[in-house]
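**Q** Structure in structure tokens, see below.
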Amino acid sequence: MTIIPSRESGEVAQSLPVGKVPGREKTVDRLARLKVITLGDLPALPERALLKAVGKFAYTLLEYAKGKDESPVVSHTDAKSISSEETFEENTNDFEVLRKELLAQAEEVAGA
């Protein structure tokens, strides 16, 4: 995931290929026929041509081109790993201290 400051969202969005818009393969094909490759190419199209090509989704695409997207961020992948860590104030070779910390971390990871 990349976090983009809102003041830069329009600039970043305009450089994105329209193929980055989720789930719209037919839309990408239709826009390619109109020579639209990036979201930044969209505002140059006449509104009527854009509406004819992709319907009401044109308005959403134009918002995306401005860097505006109010949809919630949803992760589509499960976590690949779970971990736990602790930094001691001082290095230690004390087996009992290390054992207790390892047990605590194991319980934390197991409960995740």
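The values are calculated or read from the model by the stated rules, or taken from the named source; none is laboratory data. The shown structure was predicted, so the numbers you read here are calculated from the model rather than taken from an experiment. Quick reminder, even Gly has a Cβ in these numbers, built from the backbone with ideal geometry, and neighbours come from all protein chains shown.
**Q** Would you check if there is a residue in segment 64-75 being part of a helix (DSSP H, G or I) and at pLDDT 85 or above?
**A** Yes, because at least one residue in segment 64-75 is part of a helix (DSSP H, G or I) and at pLDDT 85 or above.
**Q** Could you list all residues from segment 59-112 that are in contact (Cβ under 8 Å) with a residue 24 or more places away in the chain, surrounded by 11 or more Cβ atoms within 10 Å (Cβ to Cβ) and polar (S, T, N, Q)?
**A** Answer for segment 59-112, where residues must be in contact (Cβ under 8 Å) with a residue 24 or more places away in the chain, surrounded by 11 or more Cβ atoms within 10 Å (Cβ to Cβ) and polar (S, T, N, Q): just SER84.
**Q** Among the residues that make up segment 13-24, is at least one of them exposed (fewer than 11 other Cβ atoms within 10 Å of the Cβ), outside any loop (DSSP other than H, G, I, E, B) and among the aliphatic types (A, V, I, L, M)?
**A** no
**Q** A follow-up question, please. Kindly provide the set of residues from segment 51-71 that are out of contact with any strand residue (DSSP E or B) (no Cβ under 9 Å at 6 or more places or on another chain) and of a type in the set (Gly, Ala, Ser), ordered by number.
**A** ALA53, GLY55, ALA58, GLY67, SER71
**Q** For segment 32-53, does any single residue satisfy the condition of being of a type in the set (S, T, N, Q) and touching a residue at least 40 places away in the same chain (Cβ under 8 Å)?
**A** no
**Q** Looking at LEU50, LEU61, which is the one that is assigned by TED's automatic domain parsing to the domain that holds GLY19 and under 25 Å from ILE3 (Cβ atoms)?
**A** Result: LEU61 is the single residue among LEU50, LEU61 that is assigned by TED's automatic domain parsing to the domain that holds GLY19 and under 25 Å from ILE3 (Cβ atoms).
**Q** Please tell me if VAL28 is surrounded by 10 or more Cβ atoms within 10 Å (Cβ to Cβ) and either within 26 Å of ILE4 (Cα to Cα) or among the small types (Gly, Ala, Ser) (or both).
**A** yes
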